[in-house]
Amino acid sequence: MNKIKIFLIIFLVINLSSYIYPFKIFPQLNYKISGKLECMTFIPSNISIIPSQVRVTPISNAQIQLWDEDDGDDFLGETTSLNDGTFKLNAKTSSEFFGIADLEPYLLIKHKCIGNLEEKIEQECWLISRYDLSALPEEKYNLGIRLGAGSRLRTNRIC
């Protein structure tokens, strides 16, 4: 009989905690991320007195994934950028430690923005760039992410 009472108490505490946020054991976190991907391409000048230029174009068909960094990074969701470079990504996850926002979210962006007209990327190769997000606030809007020439994002080539 005592085991049944203990089970019922635990069951009630867990279920009632979902209605009272400060005491919520595993709160649901919602990420609503939108933005625009742009490729900055370095255009060298043939004349030494004319400075080099950078052309900015939208990145279409890039794969954008949301991950949470921990011992075994957790995949939270993905989307693809549109022709104008815009994207929207919605994801839900639970905090693992009694209401503490312990998430370290980041985006992985799979694209072909090389950033330099003199350098070519093989057809079967992709670039993967990482864009770190802060854990709070949960909602991110209108991220302007520029890749290629001058980008400070960590980028790796995958072939």
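The values are calculated or read from the model by the stated rules, or taken from the named source; none is laboratory data. Computed from a prediction, not measured in an experiment: that's the story for all the values here. Methodologically, a virtual Cβ is constructed for each residue, glycine included, from the backbone with ideal geometry; neighbour enumeration extends over all protein chains shown.
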| What do you reckon, is TYR131 at pLDDT 90 or above, more than 16 Å from GLU38 (Cα to Cα) and part of a strand (DSSP E or B)? | no
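Could you tell me whether GLU138 is acidic (Asp, Glu), buried (at least 17 other Cβ atoms within 10 Å of the Cβ), modelled with pLDDT under 90 and over 14 Å from LEU37 (Cβ atoms)?
yes
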| Among the residues of region 25-60 satisfying the criterion of being closer than 24 Å to ASP132 by Cα and exposed (fewer than 12 other Cβ atoms within 10 Å of the Cβ), which is farthest from the chain's Cα centre (by Cα)? | GLN28
| task | Filter region 110-120 down to residues that are surrounded by 16 or more Cβ atoms within 10 Å (Cβ to Cβ) and hydrophobic (A, V, I, L, M, F, W, C) and give me whichever is modelled with the lowest pLDDT. | result | ILE114
| Restricting the first residue to region 142-159 and requiring it to be over 16 Å from VAL56 (Cβ atoms), which pairs with a second residue that is among the acidic types (Asp, Glu) meet a Cβ separation below 8 Å and a spacing of at least six or different chains? | CYS159/GLU122; CYS159/GLU124
| said: Pull out all pairs, ordered by first then second residue, where Cβ-Cβ is under 8 Å, the residues are six or more apart or on different chains, the first lies in region 109-137 and is under 17 Å from ILE43 (Cα atoms), and the second is basic (Lys, Arg) and modelled with pLDDT under 75. | reply: ILE114/LYS120
